[in-house]
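Taken together, the values in this text are just the output of simple stated rules run on the coordinates, not laboratory data. If you're wondering where the values come from, they're calculated on a predicted model, not measured in any experiment. All Cβ positions, glycine included, derive from the backbone under ideal geometry; neighbour counts span all protein chains shown.
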Amino acid sequence: MRTTNPLTPVTFGVVGEEAGRCPRLLTALYFLIALVLLTSLVVQGQQDLPWVRIPNGRFLMGCVPGDTQCLDNERPRHEVTISQSFDLMATEVTVDQYGSFVRATGYDPPLPPDFPQDGDHPVVFLSWEDAAAFCDWAGGRLPTEAEWEYAARAGHNERIYWWGNEPSDEWANFGAEECCEGATGGADMWVNTGPVGSLPANDFGLWDMTGNVWEWVADWHGDYPNGPIVDPKGAVSGFVRVARGASWLNFPAVTRVSVRLMFSPTGQTSNVGARCARDVTAVLVAE
Ligand SMILES: [Ca+2]
Ligand SMILES: [Ca+2]
C-alpha cells in the first residue's frame, strides 16, 4: 500500500504530471520571496555606503613612546588583538546619507550648523544615540574604540599621527594653533567642515580618520587595561562616551591618533559626527 510522506508538499488537487511540477514551482516561489527580502535588506542596510574591509590583526593602542603631549587617559599603551575582520565606512557619514535615514524613518533631523555644508560634508550635531541609530539602520553599528584606533593607525604602531610624527595640514582638516577656531593651510582648505575624502586616505583606504569631524565610537569611556586584551569594548557602564579623531575646530596636538574625547552621549556640537562599522557576518548573510 502506498503511503503519503507527511513532508510531501500539498498539491492542492493537482494530479499527474502537474503534481511533479508544483514542488519546483513552490521552490521557485520561495526563491523569489527570499530574493525580494534580501534585496530590501540590501537597499535598507547598505545604502551604497563606502565600506572597506579591515583585516583582523594586533596593534599597540595608546600613545607612543616619545609623545610628549600624551594625556593620562591615553596610557598605558597596551597590546590589542582584533580577532575578526570587520567593515568600516571609508568616509564619515555625510549630510546626504544621514538625510536618507531621516526621510526613510522620520527620525528627528540634526540641528543645522552655523556654517554652510553641502551634501558631501560630514553630518554634525549628532548625539551618540543619533549616530548609533543611523548605523543600525544602515545595517551596521558604531565601531569599538579599539577597532577605530586599529583602523586609523593602519599598521603604523610607532607614529604619533597616523601619517608620521608631526602634525600636518597636508593630511587632515583641523583648526588654528590656538584653541579653538577653524583655520586653513597647506592642503587643508576648510575653515569648517570639508567634503569627505578630500585629503589623502590612510593605508587602509580610510579618509578623514583624523580631522573634519570627531567620530563617535561605541564605548563608554574607561581606563585602559595594564596588559594585552582581545576585542575590548570599553567600560561596562559610565557617564561619558568616547569620540575619536579630532575635528576642523581643534588645534594640531589634538590630531594625535591616540587622543580620546570624553563626551556626554547626549552632547551635540557642530564638530562631532560619525562613521559606522559592520560585522563581516552581517555582510555574508545579506549576500
Ligand atoms: Ca581646516
Ligand atoms: Ca574624522
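If the segment from Val102 to Glu170 were pulled out straight at 0.36 nm per residue, it would be longer than the present Cα-Cα gap by 21.1 nm. Sparse packing (at most 11 other Cβ atoms within 10 Å of the Cβ) combined with a DSSP loop state is found for none of the trypsin sites (Lys or Arg not before Pro) in the range 77-150. Does the range 77-137 classify as rounded, prolate or oblate by the C-alpha gyration tensor (a ≥ b ≥ c root eigenvalues; a/c under 1.5 gives rounded; else a/b over b/c gives prolate, otherwise oblate)? Prolate shape, in that a/c is at least 1.5 and a/b is the bigger ratio. With R₀ set to 22 Å, the beta-carbon distance separating Glu181 from Leu71 gives a calculated FRET efficiency near 0.50. Here the ratio of the Cα radius of gyration of the range 107-190 to 2.2 N^0.38 Å is 1.34.
Cα centroid separation, the range 207-236 to the range 145-186: 16 Å. Counting charges near Tyr107 (Lys, Arg +1; Asp, Glu -1) among other residues having Cβ under 14 Å from its Cβ returns a value of -3. Among Val285, Val254, the ranking by other beta carbons within 10 Å of each residue's beta carbon, starting with the fewest, stands as Val285, Val254. Gyration tensor analysis over the Cα atoms of the range 156-253 returns equivalent ellipsoid semi-axes of 27, 16, 13 Å (largest first, whole Å). Here each label is just a point 7 Å from Cα along the line to Cβ, and for Thr266 and Ala201 those points are 3.9 nm apart.
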